[in-house]
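First comes the structure, then the notes that go with it.
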Amino acid sequence: MTALRTSELAAAAGVNTETLRYYERRGLLAEPERTLGGHRLYPKQSVTVLRVIKAAQRLGFTLDEVAVLLAATQFGRGRADAGLQARAAAKLAEVDAKLAELTAVRDTLRAALAAGCDDLLACSESPCCPVPFDTEVGHRTTRAGGRCGC
């Protein structure tokens, strides 16, 4: 078999048929040939393209970013190595920044729990509350014993 129908491609790649059509409209998947009856016939390499798209999404790339990455590949008639290193490094920097933000949020939530914070309005007026109600995070300290009591 040299070509796959829509349902065959969807099953092989683990996506639904609407996803195929959407990717086709976005230009991520080349418009397939059609049979005389109008059925789409995708080349076998479309399975690989779909798997690459899904893997890139799992790594945090947006569909716009995936489109740029695909355009630089052999399927997009560019070089297979064009831009991936730089784009992966940029995505890694984004992920690291998000992890730092999430770590700060986690630490603040833990501190709020340890301090006994129970009322946001009361806490917002207490200098010992660890929740950053102002723009300077980390300036507030809890009383001895770690309990704020707000």
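The values are calculated or read from the model by the stated rules, or taken from the named source; none is laboratory data. Predicted, not measured: the structure shown is a model, and the values here were computed from it. Ideal geometry is used to build each Cβ from the backbone, glycine not excepted, and the neighbour counts take in all protein chains shown.
The number of residues in the range 19-51 that are in contact (Cβ under 8 Å) with a residue 40 or more places away in the chain and on the phi > 0 side of the Ramachandran plot comes to 1.
Here is the figure for the range 2-18: residues that are surrounded by fewer than 20 Cβ atoms within 10 Å (Cβ to Cβ), in contact (Cβ under 8 Å) with a residue 40 or more places away in the chain, of a type outside the set (S, T, N, Q) and not in a strand (DSSP E or B) total 1. Restricting attention to the range 91-119 and to residues that are surrounded by 13 or more Cβ atoms within 10 Å (Cβ to Cβ) and among the hydrophobic types (A, V, I, L, M, F, W, C), the residue that is modelled with the highest pLDDT turns out to be 104. Do the conditions hold for residue 60, that is, is it out of contact with any Phe, Trp or Tyr (no Cβ under 9 Å at 6 or more places or on another chain), modelled with pLDDT under 90 and either surrounded by 12 or more Cβ atoms within 10 Å (Cβ to Cβ) or not assigned by TED's automatic domain parsing to the domain that holds residue 13 (or both)? So residue 60 fails the test.
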